[in-house]
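Input: a single structure, listed below in structure tokens.
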Amino acid sequence: MIRVLVLGSTGSIGVQALEVIDAAPDMVACGLACGGRRDEMAAQAAAHGVEHTACAGGGGTVGHDPGLEGLIEASAPDIVLNALVGAAGLRPTLAAIGRGLPVALANKETLVAGGDLVATARARTGAALVPVDSEHSALFQLLEGVPPEAVRIPASTRSGGPFRGRGAEELTAVTPEQALRHPTWTMGAKITIDSATLMNKGLELIEAHHLFGLPYPRIEVVVHPQSMIHAMVRLDDGSVLAHCGPPDMKVPIGYALRHPAPPPPGAPMDLVGRTLEFEAPDEAAFPCLALAREAGRQGGTSPAVLNAANEVAVAAFLDGRCGFMDIARVVRAALEAVPAGRADELEAVLAADARARAAAADAIEGVPAWSA
């Protein structure tokens with residue numbers, strides 16, 4: 001049996017991962033972790049026969065620590081699925097990789113904030129890292145069969161979110177309820193807002209850079225409203241390879257948990273009668289994409305600052321303390337306030353994260369009239 005430790009079990013990815021595990025005859029959940037919804041996690045543990053749990057908000061059968069090392073030791077997993085939200089996912093990823101455990105990564109902030117640290121840890125232990133994001137899972141599969149010298153530009157697609165086609169002026173009065181209505185995917189609140197601002201795609205740019213060793217100018221973003229093609233690769237002969245699949249996160253979850261073994265079978269996708277559209281992203285209306293690309297190019301701790309400020313800004317928007325377009329303004333203010341430094345030590349990344357959160361909070365409090 002493949003023993004799976006599910007971090008972030010009460011979130012959208014965690015819930016679906018448990019369903020994937022339940023449907024597999026050779027998988028079992030051996031441990032669960034969550035942020036604050038301990039009652040939900042306890043119900044999951046009872047339903048799935050899991051003995052080892054940890055909760056950041058208190059509770060669980062194993063004491064919570066930032067790296068979840070106690071839970072990893074107690075549950076003895078064969079693979080760790082990291083579906084935690086935000087920069088909190090970095091330490092558990094490093095803890096798992098440090099033990100040589102493969103990680104199915106649904107926490108993109110791990111690589112955004114600490115990509116260099118993860119690379120160093122993987123070089124030391126050889127632990128596998130398989131992405132769970134639909135776009136990166138698709139790129140992972142496409143690039144496995146292509147010689148690196150033949151790749152010109154990998155393209156990560158996005159649906160366009162709930163505000164596709166709207167200009168910046170139309171977005172100033174957007175409410176959290178409107179931003180949470182994603183047209184294609186059902187996800188947690190934070191990633192849904194990131195998808196609406198295009199920050200999610202910006203974070204994925206940085207993640208792709210670390211996952212595949214690609215320079216930023218060679219990573220393209222394409223708007224694809226139907227969300228059926230998750231990634232494409234332009235080859236040097238002018239052809240394009242595309243990964244097409246249903247907008248169902250269970251597919252990349254199952255792939256990541258079984259890799260390198262074949263993924264579990266699924267229903268065939270019928271393309272007859274379907275229309276596929278592709279557009280360039282509007283970076284004037286959605287400036288978070290450009291902010292993320294620039295932070296990635298700058299490197300060091302800049303991506304960690306970007307990510308931390310965005311987490312603070314999104315929380316403020318969901319609480320009604322700032323407007324939708326103010327999210328990018330807060331992130332920009334934090335990037336300007338916190339100088340980039342080296343990101344070769346965990347303490348340096350965590351310090352930059354803390355300074356960015358403080359700068360973002362100051363930006364929110366320091367502006368007298370928000371558009372919300």
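The values are calculated or read from the model by the stated rules, or taken from the named source; none is laboratory data. Keep in mind it's a predicted model, so treat the numbers as computed, not measured. Cβ sites come from the backbone with ideal geometry, for glycine too, and all protein chains shown count toward neighbours. Please note that ligands, DNA and RNA were not included when accessible areas were found on the heavy atoms of the full protein model with its side chains. Shrake-Rupley method; radii C 1.70, N 1.55, O 1.52, S 1.80 Å.
With every protein chain present, what is the per residue accessible area of the chain (1.4 Å probe, Å²)? Mind dumping the intermediate values first?
On the way: 15380 Å² over 372 residues.
Here the per-residue accessible area is 41 Å².
Could you grab the relative contact order for the chain? Cα pairs under 8 Å, six or more apart, rounded to a whole percent.
On the way: 738 pairs, mean separation 55.8, N = 372.
Relative contact order for the chain comes out at 15 percent.
Which percent, to the nearest 5, of DSSP beta bridges fully inside the chain are antiparallel? Present the calculation step by step, with values, prior to reporting the outcome.
Details: 11 of 35 bridges.
Roughly 30 percent of the DSSP beta bridges within the chain come out antiparallel.
Using the Cα centre of the chain as origin and beta-carbon charges of +1 (Lys, Arg) and -1 (Asp, Glu), tell me which of Ser75, Gly11, Pro287 is placed farthest towards the positive end of the dipole.
Pro287
Rounded to the nearest 20 Debye, what is the dipole magnitude of segment 192-299 about its Cα centre when Lys and Arg each give +1 and Asp and Glu each give -1 at the C-beta?
Working: 8 positive and 13 negative charges, 66 e Å.
In total the dipole reaches around 320 debye.
Remind me, relative contact order of segment 170-291 in percent, using alpha carbon pairs under 8 angstrom and six or more residues apart? Walk me through the numbers before you get to the answer.
Details: 102 pairs, mean separation 33.8, N = 122.
About 28 percent, as a whole number.
Of the peptides 234-242, 327-335, how do they stack up when ordered by the mean number of other Cβ atoms within 10 Å, highest first? Could the numbers behind the result be given before it?
On the way: 234-242: 12.3, 327-335: 23.3.
Order by mean packing, descending: 327-335, 234-242.
With a 1.4 Å probe and all protein chains left in place, how much of the accessible area of segment 226-335 comes from carbon and sulfur atoms, in whole percent? Write down the numbers at each step before the final one.
Numbers: 2670 of 4800 Å².
Accessible surface attributable to carbon and sulfur in segment 226-335 totals 56 percent.
Could you tell me, in Å, what Rg and Dmax come out for the Cα atoms of segment 322-367?
So, for segment 322-367, Rg and Dmax equal 11.5, 35 Å respectively.
Nearest 20 debye, what's the magnitude of the dipole of the chain about its Cα centre given +1 on Lys and Arg Cβ and -1 on Asp and Glu Cβ?
Working: 28 positive and 42 negative charges, 24 e Å.
Its charge dipole is roughly 120 debye.
Multiply the residue separation of Met1 and Asp344 by 0.36 nm, subtract the distance between their alpha-carbon atoms, and state the gained length in nm to one decimal.
Working: separation 343, 0.36 × 343 = 123.48 nm, distance 3.66 nm.
The span from Met1 to Asp344 would gain 119.8 nm if fully extended.
Using only DSSP helix segments of four residues or longer, with each worth -39500 (n - 2.57), what per-residue ellipticity at 222 nm results for the chain after dividing by its residue count and rounding to 500?
Numbers: 15 runs with 168 residues, N = 372.
Roughly -13500 deg cm²/dmol at 222 nm, from the helical runs in the chain.
Please give the per residue volume of the convex hull enclosing the alpha carbon atoms of segment 25-146, rounded to a whole number of Å³. Walk me through the intermediate numbers first.
Details: hull volume 14.7 nm³, N = 122.
So the per-residue Cα hull volume is 120 Å³.
Please identify the GluC sites (Glu not before Pro) of segment 11-70 that satisfy two criteria: DSSP loop assignment and at most 13 other Cβ atoms within 10 Å. Which are they?
Details: sites: Glu19, Glu40, Glu51, Glu69; in loops: Glu51.
Of the GluC sites (Glu not before Pro), the ones in loops of segment 11-70 whose Cβ has at most 13 other Cβ atoms within 10 Å are Glu51.
So, with +1 on the Cβ of K and R and -1 on the Cβ of D and E, and no other charges, what is the size of the charge dipole of segment 1-115 about its Cα centre, to the nearest 20 debye? Display every interim value, and only then the final one.
Working: 6 positive and 11 negative charges, 53 e Å.
It works out to roughly 260 debye.
Measure off, as a whole percent, the carbon and sulfur share of the 1.4 Å-probe accessible area of segment 24-168, all protein chains present. Don't skip to the end; give the middle numbers.
Numbers: 2730 of 5370 Å².
Carbon-and-sulfur percentage of accessible area, whole number: 51.
Using a/c under 1.5 as the rounded threshold, could you call segment 9-52 rounded, prolate or oblate? The axes a ≥ b ≥ c are square roots of the C-alpha gyration tensor eigenvalues, and prolate needs a/b larger than b/c, oblate otherwise. List each step's numbers first, then the result.
Details: a/c = 2.25, a/b = 1.46, b/c = 1.55.
Judged from the Cα gyration tensor, segment 9-52 comes out oblate (a/c at least 1.5, b/c at or above a/b).
I'm spelling it out carefully: the read-out is mean projected area of the Cα convex hull in nm², the candidates are [x] 18.1; [y] 21.5; [z] 19.2, and one was derived from this structure. Which label?
[x]
Can you compute the label reach from Thr275? Point 7 Å from Cα along the Cβ direction, backbone N cut-off under 13 Å, restricted to segment 220-253.
What the label zone holds, given the 13 Å backbone N cut-off, is 225-226.
Using the Cβ atoms and a cut-off under 10 Å, what net charge is assigned to the surroundings of Met1, where Lys and Arg are +1 and Asp and Glu are -1? Write out the running numbers ahead of the final one.
Working: positive: Arg3; negative: Asp26, Asp78.
Taking every other residue near Met1 into account, the sum is -1.
Which three semi-axes in whole Å describe the equivalent ellipsoid of segment 242-300, each the square root of 5 times a Cα gyration tensor eigenvalue, listed largest first?
On the way: eigenvalues 200, 90, 13 Å².
With the √(5λ) rule applied to segment 242-300, the semi-axes are 32, 21, 8 Å.
Given a Förster distance of 25 angstrom, what is the FRET efficiency for Val240 paired with Ala267, based on the Cβ-Cβ distance and rounded to 0.05? Please report the intermediate quantities before stating the final value.
On the way: r = 25 Å, r/R0 = 1.02.
Between Val240 and Ala267 the formula returns 0.50.
Please work out whether segment 66-136 counts as rounded, prolate or oblate from its C-alpha gyration tensor, where a ≥ b ≥ c are the square roots of the eigenvalues and a/c under 1.5 means rounded, while otherwise a/b larger than b/c means prolate and anything else oblate?
Values: a/c = 1.37, a/b = 1.22, b/c = 1.12.
Verdict is rounded for segment 66-136.
Per residue Cα convex hull volume for segment 259-372, in cubic angstrom? Provide the component values of the computation, followed by the final result.
Working: hull volume 22.5 nm³, N = 114.
Residue-normalised Cα hull volume stands at 197 Å³.
Share of Cα-Cα pairs in segment 187-276 beyond 20 Å, in percent?
On the way: 2011 of 4005 pairs.
Cα-Cα pairs of segment 187-276 separated by over 20 Å account for 50 percent.
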